[in-house]
Amino acid sequence: MIRTAALSGVADYAYAATAPKDARLIFLAGACPLELDGSTAAVGDYAGQAAKCVDNLRTALDAAGATLADVITTRVLVASSQQADLVAAWEVVRAAFGDHDVPSTLMGVTVLGYDDQLVEIEAVAAVVD
């Protein structure tokens, strides 16, 4: 993680990250708030959907031999024009990463791909095998 005093300290994440030259990069599809049966979890609940997205992200990372600690960037997409909705989702994602303050982008979008979907998390991880 790369931090600098030349940029605002208000951001709750590092401003950049690098991957070791011998790292295996893992590009994850957007983690959606879907249950195993394909239904959307936590309908109408930004924080609940963010939590399900994090759970699904962890599962995909595990399948690729990685963890949240290996993530080097995220993009959190929230279907809302209300800043409070974006913050509700972000707080869940940020808490899941703990001390690993991965560089992130939080974006409000018009619509996401599944019925009743409000949140999606894209990520890239780097693992040295």
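Readers should treat all values here as calculations from the given coordinates under stated rules, not as data from a laboratory. Predicted model only: the values in this text are computed from it and were never measured. Please note: Cβ atoms are built from the backbone with ideal geometry, for glycine as well, and neighbour counts cover all protein chains shown.
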ask   = Any residue at all in the stretch 31-51 that is more than 18 Å from Ala84 (Cβ to Cβ), without any contact (Cβ under 8 Å) to a residue 24 or more places away in the chain and among the aliphatic types (A, V, I, L, M)?
value = yes
message = Of the residues Gly65, Gly44, Gly48, only one is out of contact with any Gly (no Cβ under 9 Å at 6 or more places or on another chain) and under 12 Å from Ala125 (Cβ atoms); which?
response = Gly65
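Please tell me if Gln83 is of a type outside the set (Gly, Ala, Ser) and touching a strand residue (DSSP E or B) at 6+ places or on another chain (Cβ under 7 Å). Walk me through how you get there before you give the answer.
Details: of a type outside the set (Gly, Ala, Ser): yes; touching a strand residue (DSSP E or B) at 6+ places or on another chain (Cβ under 7 Å): no.
Criteria not met by Gln83.
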